[in-house]
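Nothing in this text is a laboratory measurement; each read-out follows from the coordinates by a stated rule. Small disclaimer: the values here were computed from a predicted structure and weren't measured. Note that we place each Cβ from the backbone using ideal geometry, even for glycine, and neighbour counts take in every protein chain shown.
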Amino acid sequence: MLKKLILRFIVTCCVLTALLVAGIICTCVLATSVPGPYAQALETKDDAQHRRQLETKLVRLVAGGLTPEQRLQLRHEPTMQERFNVQEWSAMMDGLDSQQNPNSQSISQEEINAWIAAEMPLPRGSGLRDPRILFRNGCVVLAARLDAETFSVVLTAELSPQVTPEKLILEITSLRVGHVPLPVDKLAKLLASHQPRANKGITMDLNASPPRIYMDWESSRNGHIRVTDAVIHDGEIEITVAAKQMQKL
């Protein structure tokens, strides 16, 4: 009887140990694996054509949201005339003058990621590299690779945007290491007491569920326009802006 009990105990311990090891291995594999959408986004390199398309769309977006008087000033802005050739700039302004506010532009994640690959190097020593932005239906996903001495993982944060007349609200709906989900609310509350100082016009509420980031339109760099709508499709975002003075807030 005693021998059977000892044998059962040993077998049980071996099974539990095997399950624990298998669980650890599976977790490590899932954590260090590269999500498919991020791997595809990495294929977007420093593409000059995509960057040019993004710059043109942003100019159209900003200029389309201005009043006719503000757009007339922009038409004769020397820095913009230097960035675009005379014919291209005149044609762009003529086209915008025939439109009515608000103005919308669809921007693809390939265009944004081409610009990020060329213009947005991450700080040295942070361990982060290859940042990318992914657009899924209704959500924006921020992703980057974190390199350490003994491992390398992909970190992703999924944000759900809401546009109001006063501000942009980004709800942090998901955090992942590779394919392993992290407890968003618990991490946010843990970081709440060490919350970094927010930039002007940007605040965070880490005690909310889900945690939120707020961006105030009145404190944005461009004081003439504000975003009135942002619709996210698979692979692209459609942004609509309007002149602030034309809106009754």
Net charge over other residues, Cβ less than 11 angstrom from the Cβ of I112 (K, R count +1; D, E count -1) = -1
request  = Check cross-link reach from K189 to the aspartates and glutamates: straight Cα distance under 18 Å, and skip same-chain residues fewer than eight apart.
outcome  = E158, E171, D205
note = Phi-derived 3J(HN,Hα) across segment 130-145 with the Karplus relation (6.51, -1.76, 1.60, θ = phi - 60°), rounded Hz, x for Gly and Pro, is 6, x, 9, 10, 10, 10, 10, 3, x, 9, 10, 10, 9, 9, 7, 9
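Using R₀ = 30 Å, calculate the FRET efficiency as 1/(1 + (r/R₀)^6) where r is the Cβ-Cβ separation of Q40 and L190; round to 0.05.
Here the calculated transfer efficiency is 0.40.
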query = Any idea how far apart D130 and L146 come out in nm if each label point goes 7 Å out from Cα toward Cβ?
reply = 1.6
ask   = For E77 and D205, what does the FRET efficiency come to when R0 = 35 Å and r is the distance between their Cβ atoms, rounded to the nearest 0.05?
value = 0.40
inquiry  = At 0.36 nm per residue, and after removing the present C-alpha to C-alpha distance, how many nm does the segment from Q162 to Q70 gain when stretched out fully?
reply    = 30.4 nm
remark   = Taking a crude spin-label model, label points 7 Å out from Cα along the C-beta direction, the D94 to A48 distance in nm is 2.6
task = Restrict the search to segment 136-173; then list the GluC sites (Glu not before Pro) that DSSP places in a loop and that have at most 14 other Cβ atoms within 10 Å of their Cβ.
result = E149, E166
